[in-house]
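Quick notes on the structure that follows.
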Amino acid sequence: MSYWEAFILTLISLVIGGFIYGLERIVRARMQGRVGPPLLQPFYDFFKLMDKRSIIIHSFHAFMGVMYLIGTWFALFVLLSGGDLLIAIFFHVLSLAFLVVGGFSVRSPYSVIGAMRELLHMVAYEPLYVLSAAALYLVTGTFQVSGILHSNHTPLFYLPLLFVAVLLSLPAILKKSPFDTAEAHQEIIGGPEIEYSGKFYEAVYTAKWIEYIYAFFFIFLFAGGNHILGALLVIFSFFFFNLLDNVTARVNFRQMVAFHWYILIPLAVINLMLIALWRS
Amino acid sequence: MDFKSFRKKSPWILHYNTGSCNGCDIEILACLAPKYDIERFGALNRGNPKQSDILIVTGPVTKRAKERLLRLYLEMPEPKVVVAVGACACSGGVFRHMYNVENGVDKVIPVDVYVPGCAARPEAIIDGVIKALEILEKKGKEVELPRWCSVEVKPPVNRVKLLNRCLEELHGRRRG
């Protein structure tokens, strides 16, 4: 894919992410026996927030909100343009760092608590993504996304344990129950995003749509060159994490980090070691 | 482009209890539950004043709650509307003229829609919210202050100073 196509696709990804979020809200409502909002609801929210007056705490805080959007967008662009997987991961970490710094820069205690928990989220799930990048390299022989997408191997068959680990940590990256301690709407009212309003909240809100595509693109990569299998994996993981979101309660941050470090990361490492042994 | 028509499609709700008996609050929660499900209309209970459009207030506004009520109201960005839900919030209800209450929400902040009832039924609350959305669509974006408040608003608005001046006046004010 050329850079221009990737650029246009990255711009469109905002709309696709909005649809995914709208679909998620409907699916979640149906699972709870409700009707749920219309599919276009995220866009209604988007245009309404455009019209709201924005209250700026201080300019740096507002700037960090916008940088969070740009950072996630750039991480997605790296993925879609077939760039290096590790660079995409690091840009994603950077964009979350913007959110965290913004969260720490205001005096609201909820914002500070949320930013701290956001850091713990990163501690929990980021190693898993780096490990999966390494594992994809071992299977396909390249860190380039374009190479992985055209590879003859299907990484899923070599990395089943790692796939399960990434699937179970999806709620952590998308901040859904059971791993939604950073956002925790009933408890700390959105965490680092609590002080954003109007257009700046809109930036944070749309950045979350882009994170959906970012996370699901990772799932898609596990199918390698087999794109139909990839689409099936994405659809399965979408419904799976919605189900998980609905049937589980929030765990505290210790349990979240412990679950990632004692169960998911060892699973991933075992898979990685087996594949390395088998290859040599 | 005119975004005003999108206001009524995504009303985000902030709910505050100013010393109510919890009857009205339960009914508001019933609106969000599967039977009435106001998320069909895009309404979400945000619990965050900075991202909400509709302030739903229950209770007769006790002495302790009035400062918080004013803070929440001034922290909400414009355009915004206030819905007073229940007999207490409209007029003080059974608590009217007691030493510790303010006799209704409109003694502290401007109210757009009154929903009577003890407790107000979910249908009545939904109706009130729909009425509030009609008002919200016509509202401008200038800063609104309570009637008793004599603070002048000059753009650019410094919200912290505005809030502090309003609070000073609230505490200095005699009960009328």
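Where a number appears in this text, it was derived from the coordinates with a stated rule and is not lab data. Just so it is clear, the model here is predicted, and its values are computed rather than measured. Because the Cβ atoms are built from the backbone with ideal geometry, glycine has one as well, and the counts that use them run over all protein chains shown.
For region A:1-133, how big is Rg over Rh, using alpha carbon atoms and the Kirkwood form of Rh? Result for region A:1-133 is an Rg/Rh of 1.01. GNM remark for chain B: springs join alpha carbons under 10 Å apart, and the peak mean-square fluctuation among B:GLY93, B:GLY128, B:GLY42 falls on B:GLY42. On a per residue basis, the convex hull of the C-alpha atoms belonging to region A:173-280 measures out at 136 Å³. Each of B:GLU78, B:GLU39 was scored by other Cβ atoms within 10 Å of its Cβ. Arranged with the fewest first, they read B:GLU78, B:GLU39.
Starting from the Cα gyration tensor of region B:60-141, take the square roots of the eigenvalues, sort them a ≥ b ≥ c, and report rounded, prolate or oblate (rounded when a/c is under 1.5, otherwise prolate if a/b is larger than b/c, else oblate). Don't skip to the answer; put the middle values down first.
Working: a/c = 2.69, a/b = 1.25, b/c = 2.16.
Taking the square roots of the gyration eigenvalues as a ≥ b ≥ c, region B:60-141 is oblate.
Just to be sure I follow the definition: excluding the sites themselves, where is the longest run in chain B that has none of the trypsin sites (Lys or Arg not before Pro) in a DSSP loop with at most 14 other Cβ atoms within 10 Å? Here the longest segment lacking exposed loop sites spans B:36-95. For a straight C-alpha distance cut-off of 18 angstrom, the lysines reachable from B:LYS8 (same-chain residues fewer than eight places away being disregarded) are A:LYS48, A:LYS52, A:LYS199, B:LYS50, B:LYS80, B:LYS131, B:LYS138, B:LYS139, B:LYS141.
Summarise the long-distance tail of P(r) for chain B by giving the % of C-alpha pairs beyond 19 Å.
Values: 8517 of 15400 pairs.
Summing the P(r) tail past 19 Å for chain B gives 55 percent.
Listed from fewest to most Cβ neighbours within 10 Å, the set A:HIS185, B:HIS171, A:HIS92 follows the order B:HIS171, A:HIS185, A:HIS92.
Ranking B:TYR114, B:VAL94, B:LEU74 by Cα position along the charge dipole of region B:4-142, where only Lys, Arg, Asp and Glu carry charges on their C-beta atoms, puts B:LEU74 farthest toward the positive end.
Neighbour counting of Cβ atoms within 10 Å sorts the residues A:LYS208, A:LYS52, fewest neighbours leading, into A:LYS208, A:LYS52. The angle between the Cα long axis of helix A:265-279 and the longest principal axis of the Cα atoms of chain A comes to about 30 degrees, rounded to the nearest 10.
Size descriptors for the protein assembly as shown, from the alpha-carbon set: Rg then Dmax equal 24.5, 87 Å. Peptide A:35-43 shows a mean partner chain C-beta count of 4 within 10 Å per residue C-beta. Springs join every pair of Cα atoms under 10 Å in this Gaussian network model of chain A, and among A:PHE239, A:PHE200, A:PHE163 the largest mean-square fluctuation is at A:PHE239.
Okay, helix-only estimate at 222 nm for chain A: each DSSP H run of n ≥ 4 adds -39500 (n - 2.57), divide by all residues, round to 500 deg cm²/dmol; what do you get? Walk me through the numbers on the way to the answer.
Working: 13 runs with 203 residues, N = 280.
Value at 222 nm, helices only: -24000 deg cm²/dmol.
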